[in-house]
Each structure stands twice: as C-alpha cells, then as structure tokens.
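A.B. asks: Handing you a structure now.
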Amino acid sequence: MRIAESELIINGDGSVFHLHLRPEQLADNVILVGDPGRVDMVAEFLTDIEFRNASREFVSTTGRYNGKRFTILSTGIGCDNIDIVMNELDALANIDFTTREPKAQKRSLNILRIGTCGAIQKDIPLGSFVFSHVSVGCDGLLNWYADRDKIAMPGIEEAFKEHVHWAKHLPDPYFVEASRKLIDKFADCTVKGMTISASGFYGPQGRVLRIPLAMQNMLDDFESFEYEGRRITNFEMEGSAVAGLAQHLGHNAGTVCCVIANRHIGSSNPDYKPQVRQLVQLSLQKLSEL
C-alpha cells in the first residue's frame, strides 16, 4: 500500500517532515529527552558523533556509546509531540521513503525517554529514579487509534476512574505497560512506577494558582489508589504516549525519570542536574548491554 504524500510528508533532502532525520541517520537505540538543550548534554557521553540536526523543538544527534549506536532526540513537552515523534521514528525505521510503502521486514527500536518527575508518595525521596512499569495517559491520545483495548489495561482503568471520581467530560484515561525487555533491564536500579502522564503542568497535575480543579481531591485520590499491589507513584507528561504507540508499532519503549519534587511533602530540588547526568549515563550503559 503506497502512502500518500499528504499522509507522510518527506522533505526535499529526504528527511521526515518534523524531525528532519533521514532513515540512515536513525540508530536502533533511541534516547528521548524533553528539553532540546539536554541533547548536547547526553551527547557528551557519546563518541563518533555523526551529525546534529535542529528543527523547532526537535534536536537530534547520533553517535556511539560502548560501541553501540545511539540517536538522541528532544521532543519538547507533551503527548501531542510524542504522537509526532513516535510515528516519524517508526516511519524512518519501517517505511521505504522511495516507494512510500511499509517494509516487509520490520525493524524494532529500543526507545527510552529520560526525564524528570514529581513523586506523589511520601516514601519516594528526591533524587530517586522511577521506571514507569505502567503509564497512565490522561491526554486521550491513544483513544484516537484503533484497537486501543488490545494494548491497554481495562480492569485497572475502570477501577481508577471509580476511585478518583473521574470527571465525565475528561478523556478516558488509558493504562499501558512499558516493554518487558526494558523493565527487566532497569529493575535493579529504579523504583517500580505507575506513572500519571498528565496533559498539562498545572491543573492536570493538581496545581492550583487562580483556577480551581474539576476534581478537587485529585492528588489525595491519586495517592490513595491501589490496584493489585500497584499504586500511583509520580507525575510526568509524555510516557504514556511513548509506551502506547510503541506497543502498537512493535518497538521496545519505556520511561525513566529522576524525582525532582515530592508533591506529598511539598519539597523540591532545583539543583537536580547532577542526578539527571547520573541517570543519563546509567541509561546509556543499560541500553548498550541489550
């Protein structure tokens, strides 16, 4: 099936529309970061840098760590950007840009989002690394794609909506698991997370400045939710789209975050960059061992 030019836009230099990456520039191991400025920080750990591209919030580079090839890519903030990123990464890997047809032999990427987060449980200290075994999408993105229930977790979704008194006008939340391959690789050095991927930083994460919340007891309800031994551990803003779209597309993906705030006790660490550097190096080492 040939994909129309309007559906997959390819730039004049042969790169995909938003990311400005060409297929040959994409490594099998991909590190996603939100902040474009963090790409260069991650690249400090790499050798044999091949290029550096920049288009809007999408900054990318490819190099090597322990002999393994890595692509580092910034996504900006939010699941809407992840929809662009995941679909265009998959297009680079699995669509022939000459014929515009999906390749017969599919390529599976290892995709890890490295970010920062806020914990909502009092026993998760600042500086902890939380790997999102399960991500909770509050943005509705996955609901736009067919067969969402094949990769989602309907039992826990219904229990969650009932417990937190989910407002009826909000998009249905979706729960998705990270790649078992990555979960197992990070099991010995991270906190087991069930992470809210919020659709914003203020109201969607329970912050009140001048507008009250639709669900006034949201933080307390999130903190007290428990399902078969699992509890909500932290907030971030992209992991559910990474995990959900990766499952649809056949890639190994997950999210690991450094805790820079604890919402339960109201603490934060503005000097978190050393911990993030530590997490970056740990993540590169873990992925290079796959």
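The values are calculated or read from the model by the stated rules, or taken from the named source; none is laboratory data. This structure is a prediction, so every number in the text was calculated from the model and none was measured. Because the Cβ atoms are built from the backbone with ideal geometry, glycine has one as well, and the counts that use them run over all protein chains shown. Note: areas computed on protein heavy atoms with side chains; ligands, DNA, RNA excluded. Shrake-Rupley method; radii C 1.70, N 1.55, O 1.52, S 1.80 Å.
A.B. asks: Compute the Rg/Rh shape ratio of segment 174-290: radius of gyration over Kirkwood radius, all on alpha-carbon atoms.
C.D. replies: Expressed as Rg/Rh, it is 0.98.
A.B. asks: Go ahead and run the numbers for FRET between residue 208 and residue 55, Cβ-Cβ distance against an R0 of 35 Å, rounding to 0.05.
C.D. replies: Approximately 0.45, to the nearest 0.05.
A.B. asks: Here's something else I'd like to know. Considering only the chain, what is the antiparallel percent among its DSSP beta bridges, to the nearest 5?
C.D. replies: Rounded to the nearest five, the antiparallel share is 50 percent.
A.B. asks: Counting GluC sites (Glu not before Pro) as exposed when in a DSSP loop with at most 12 other beta carbons within 10 Å, what is the longest stretch of the chain free of them?
C.D. replies: Between exposed loop sites, the widest span is 45-227.
A.B. asks: Also, I was wondering about something else. Calculate what fraction, in whole %, of the accessible area of the chain sits on carbon and sulfur atoms when a 1.4 Å probe is rolled over the protein chains.
C.D. replies: Result for the chain: 49 percent of the exposed heavy-atom area is carbon or sulfur.
A.B. asks: Considering the chain as a Gaussian network with a 10 Å cut-off on Cα pairs, which listed residue, 146, 93, 214, attains the greatest mean-square fluctuation?
C.D. replies: Of the options given, 146 has the highest mean-square fluctuation.
A.B. asks: Counting only DSSP beta bridges with both residues in segment 1-122, tell me the antiparallel percent, nearest 5.
C.D. replies: Just about 60 percent of them are antiparallel.
A.B. asks: So what's the back-of-envelope 222 nm ellipticity for the chain, counting only DSSP H runs of four-plus at -39500 (n - 2.57) apiece and dividing by all residues, rounded to 500?
C.D. replies: After summing the helix terms and dividing by residue count, I get -8000 deg cm²/dmol.
A.B. asks: Further, regarding this structure: Along the Cα→Cβ direction, 7 angstrom out, place labels at residue 285 and residue 161. What is the inter-label distance in nm?
C.D. replies: 4.4
A.B. asks: For the chain, give me every cysteine whose Cβ has no other Cys Cβ within less than 4.7 Å, ordered by residue number.
C.D. replies: Here 79, 138, 189, 258 come out as lacking a disulfide-compatible partner, given the Cβ-Cβ threshold of under 4.7 Å.
A.B. asks: Using the C-alpha atoms of segment 70-178, what convex hull volume per residue, in cubic angstrom, is computed?
C.D. replies: Each residue corresponds to 157 Å³ of Cα convex hull volume.
A.B. asks: Among 187, 170, 224, which residue has its Cα positioned farthest towards the positive end of the charge dipole of segment 163-240, with +1 placed on the Cβ of Lys and Arg, -1 on the Cβ of Asp and Glu, and the dipole taken about the Cα centre?
C.D. replies: Of the options given, the answer is 170.
A.B. asks: Another question, then. Once fully extended, how much extra length lies between residue 77 and residue 273, figured as 0.36 nm per residue of separation less the alpha-carbon to alpha-carbon distance?
C.D. replies: 68.8 nm
A.B. asks: Give me P(r) over segment 139-225, computed from all C-alpha to C-alpha distances, binned every 10 Å, as integer percentages.
C.D. replies: 14, 42, 33, 11, 0
A.B. asks: Could you size up the charge dipole of the chain around its Cα centre, putting +1 on the beta carbon of Lys and Arg and -1 on that of Asp and Glu, and report it in debye to the nearest 20?
C.D. replies: 460
A.B. asks: Select from 142, 209, 89 the residue whose mean-square fluctuation is largest in a Gaussian network model of the chain (Cα-Cα springs shorter than 10 Å).
C.D. replies: For the chain, modelled as a Gaussian network with Cα springs under 10 Å, the answer is 209.
A.B. asks: Go ahead and collect, in residue order, the members of segment 189-214 whose backbone nitrogen is under 14 Å from a label point 7 Å along the Cα-Cβ direction of residue 143.
C.D. replies: 199
A.B. asks: Quick check for the chain: number of Lys pairs with alpha-carbon distance under 26 Å, counting only pairs 8 or more apart or on different chains?
C.D. replies: 29
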